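Reviewing the structure listed below.
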Amino acid sequence: SKHSVNLDNRTANVAVRPFELEMGFQFELHVTVSGRKINVSEIPGLPIPKDWMRDKLELNFYKTEQGGGGEIENVTYNKESGTAVITFLKPG
């Protein structure tokens with residue numbers, strides 16, 4: 001964990017320490033299910049582009065291991081209101 005680095009004819013002793021990167025965001029969604037569409041509300045305002053949030057919502061609701069999901073037809077996301085409508089290809 002300790003190293004010596006030579007810089008411009010000087011030696012600097014450095015130590016390596018682990019650190020944790022804050023790579024993602026965790027948040028809670030409120031969902032209303034009806035036929036082929038899911039209404040999602042209370043999506044927090046995150047410092048990411050709207051198209052990234054649409055992609056994250058699509059990936060989340062495409063997954064079937066969470067007790068539902070399926071192939072997505074469309075995701076309409078409104079950043080200002082913190083809402084989205086997920087439309088599936090097939091009802092279920």
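What is the residue count in segment 48-88 for residues that are in a loop (DSSP other than H, G, I, E, B), open to solvent by 70 Å² or more (accessible area, probe 1.4 Å), out of contact with any helix residue (DSSP H, G or I) (no Cβ under 6 Å at 6 or more places or on another chain) and modelled with pLDDT of 85 or more?
So the answer is 2.
Is there any pair with a first residue in segment 45-56 that is closer than 15 Å to Ser81 by Cα and a second that is part of a helix (DSSP H, G or I) and open to solvent by less than 80 Å² (accessible area, probe 1.4 Å) whose Cβ atoms are under 9 Å apart and which are 6 or more apart or on different chains, and what are they?
Leu46/Met53
Please determine, by comparing only the residues of segment 30-43 that are open to solvent by less than 80 Å² (accessible area, probe 1.4 Å) and in a loop (DSSP other than H, G, I, E, B), which one is modelled with the highest pLDDT.
Ile43
For the subset of segment 1-29 comprising residues that are open to solvent by less than 70 Å² (accessible area, probe 1.4 Å) and within 28 Å of the chain's Cα centre (by Cα), which member is modelled with the highest pLDDT?
The extreme case among them is Gly24.
The values are calculated or read from the model by the stated rules, or taken from the named source; none is laboratory data. Predicted model, so just to flag it, every value in this text is computed and none were measured. Here the Cβ is made from the backbone with ideal geometry for all residues, glycine too, and neighbour counts use every protein chain on show. Note: areas computed on protein heavy atoms with side chains; ligands, DNA, RNA excluded. Shrake-Rupley method; radii C 1.70, N 1.55, O 1.52, S 1.80 Å.
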